[in-house]
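Computed from the coordinates by the stated procedures, all read-outs in this text should not be read as laboratory data. Here the structure is a predicted model, which is why all the values come from computation and not from measurement. We place every Cβ from the backbone using ideal geometry, glycine too, and count neighbours over all the protein chains shown.
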């Protein structure tokens, strides 16, 4: 008989709502405190900021996006999300600059923060818009010159009260230089 392996949890992706861990261990005081913070308060406690490395880009240049999430409370919070996606980014309202339908597991999750914790993520938008044409055919489209809004958000239920931030970048053609 070989060594035993821990069993995988089949439940949600964080705690069970009572502060117990998926492995069955006892809850810590901080985990218990996090479960006492109502989701509406937790949403307001998380600040989101988004920035790019520049304000103006040539069309087709990659855009470096940095997103920071900060728990402004000194106690831990759990933000429930209806699916596995905990956060996301959009370009002019299109998730990850694409009109392609995104599939994420429908299993709820939580985006957990320790007291005062900051999480920083960097992504690169390739400077193109992905389009689905005629069935499953995909096309990468060079956007027109102009201003584009980049928004980062926590993927909570509904968009009202969703923690988010946005910035604007300008795309110009090399002829405009």
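With a ≥ b ≥ c taken as the square roots of the eigenvalues of the C-alpha gyration tensor of segment 55-106, please select rounded if a/c is under 1.5 and otherwise prolate if a/b is larger than b/c or oblate if it is not?
Cα axes put segment 55-106 in the oblate bin.
From the alpha carbon gyration tensor of segment 33-168, can you work out the equivalent ellipsoid semi-axes (sqrt of 5 times each eigenvalue) and give them in Å, largest to smallest?
Over the Cα atoms of segment 33-168, the semi-axes work out to 30, 18, 10 Å.
Rounded if a/c is under 1.5, else prolate if a/b is larger than b/c, else oblate: which is segment 96-154, with a ≥ b ≥ c the root eigenvalues of its Cα gyration tensor?
The shape class here is oblate.
Between residue 144 and residue 106, with labels modelled 7 Å along Cα→Cβ, what's the label distance in nm to one decimal, could you check?
3.8 nm
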